[in-house]
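The structure appears below as structure tokens.
Derivation of every value follows stated rules applied to the coordinates shown; laboratory data play no part. Bear in mind the structure is a predicted one, so any value in this text is a computation, not a measurement. Here the Cβ positions follow ideal geometry from the backbone for every residue, glycine too, while neighbour counts run over all protein chains shown.
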Amino acid sequence: MRPIILSLAVLWPVAATSGPDCYCTDRVGARVELGGHTCLTIGGRSFRAYCDMSQNNPIWRDTGEACVTG
């Protein structure tokens, strides 16, 4: 009969984290948290955008709203 060798792996508790610290930056480089809003101007068109995630990358999404001025 062949001896059975068992290897035991010690599982260390993993600290609970909310994931990486993701955020967007506005046109002057200021940090904008996920879900935050700003006004963007691209190609001469100004629109309100919010910071969101897409495939593990922070992106600006167009809300379809015009920028508030004044």
Net charge near Ala66: determine it from the other residues with C-beta under 14 Å of the C-beta of Ala66, scoring Lys and Arg +1 and Asp and Glu -1.
0
Relative contact order of segment 20-70, pairs being alpha-carbon contacts under 8 Å that are 6 or more residues apart, as %
28
Total charge of the residues flanking Ile42 in space, meaning their Cβ is under 14 Å from its Cβ, with Lys and Arg +1 and Asp and Glu -1, is +2
So Asp62 and Asp21, fully extended at 0.36 nm per residue minus their Cα-Cα distance, gain in nm 12.5 nm
